[in-house]
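Novice: Before anything else, here's the structure in question.
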Amino acid sequence: MCLGIPGQVLELMTEHPDLARVDVSGVRRVINIGLLDEENIQIGDWILIHVGFALSKIDETEAKAALQFLEDIGDAYADELMALQSSAILDEQQAEVPDAVRG
């Protein structure tokens, strides 16, 4: 099952403007926000994430409802969080991002 998971933007990566660090239920990961260039993503915004890419900007109410739903469905959510943890676009110590990731 493939899920879109809400995450809250914690940091915009100034050295890579198409990337942002987000928090997804306590998991912090760098996500590609390049698809949302016209959305003017800011720190604190909620985004819907799938496979390391932000698909849309959502409001906090929608994000919290989606998180509650995902927690309620159990294993599929846990599996998606594990996949998110293993899909790092940019590790803390990684100096460069491949062009294919930046889009």
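A short reminder: the numbers here are calculations on the coordinates, not readings from a lab. Everything numeric here is computed off the predicted structure, so don't read it as measured data. Glycine gets a Cβ as well: all are built from the backbone with ideal geometry, and neighbour counts include every protein chain shown.
Novice: Please work out, to two decimal places, the log10 of the ratio I(q)/I(0) at q = 0.15, 0.16, 0.19, 0.25 Å⁻¹ from a Debye calculation in which every Cα of the range 5-91 carries one identical scatterer.
Specialist: At q = 0.15, 0.16, 0.19, 0.25 Å⁻¹ the computed log10 ratios are -0.48, -0.55, -0.78, -1.31.
Novice: Ranked highest first by average number of other Cβ atoms within 10 Å, how do 41-50, 67-76, 54-63 line up?
Specialist: With the highest mean Cβ count within 10 Å placed first, the list reads 41-50, 54-63, 67-76.
Novice: Okay, next question. What list of ³J(HN,Hα) couplings, whole Hz, do you get for the range 20-25 from phi and the Karplus terms 6.51, -1.76, 1.60, once you set θ to phi - 60° and write x for glycine and proline?
Specialist: Going residue by residue, I get 9, 8, 10, 10, 10, 6 Hz, with x marking Gly and Pro.
Novice: List, in order, the whole-Hz ³J(HN,Hα) value for each residue of the range 43-54 obtained from phi through the Karplus relation with A = 6.51, B = -1.76, C = 1.60 and θ = phi - 60°; use x for Gly and Pro.
Specialist: Per residue, the Karplus-derived 3J(HN,Hα) values read 4, x, 5, 9, 10, 9, 10, 9, 6, x, 10, 7 Hz.
Novice: Moving on to the next point. Considering only DSSP beta bridges whose two residues both sit in the range 5-91, what percent are antiparallel, to the nearest 5?
Specialist: Within the range 5-91, antiparallel bridges account for around 95 percent of the total.
Novice: OK, next. Near residue 66, within a Cβ-to-Cβ distance under 14 Å, what is the net charge of the other residues, with Lys and Arg +1 and Asp and Glu -1?
Specialist: Within the 14 Å Cβ shell, the charges total -4.
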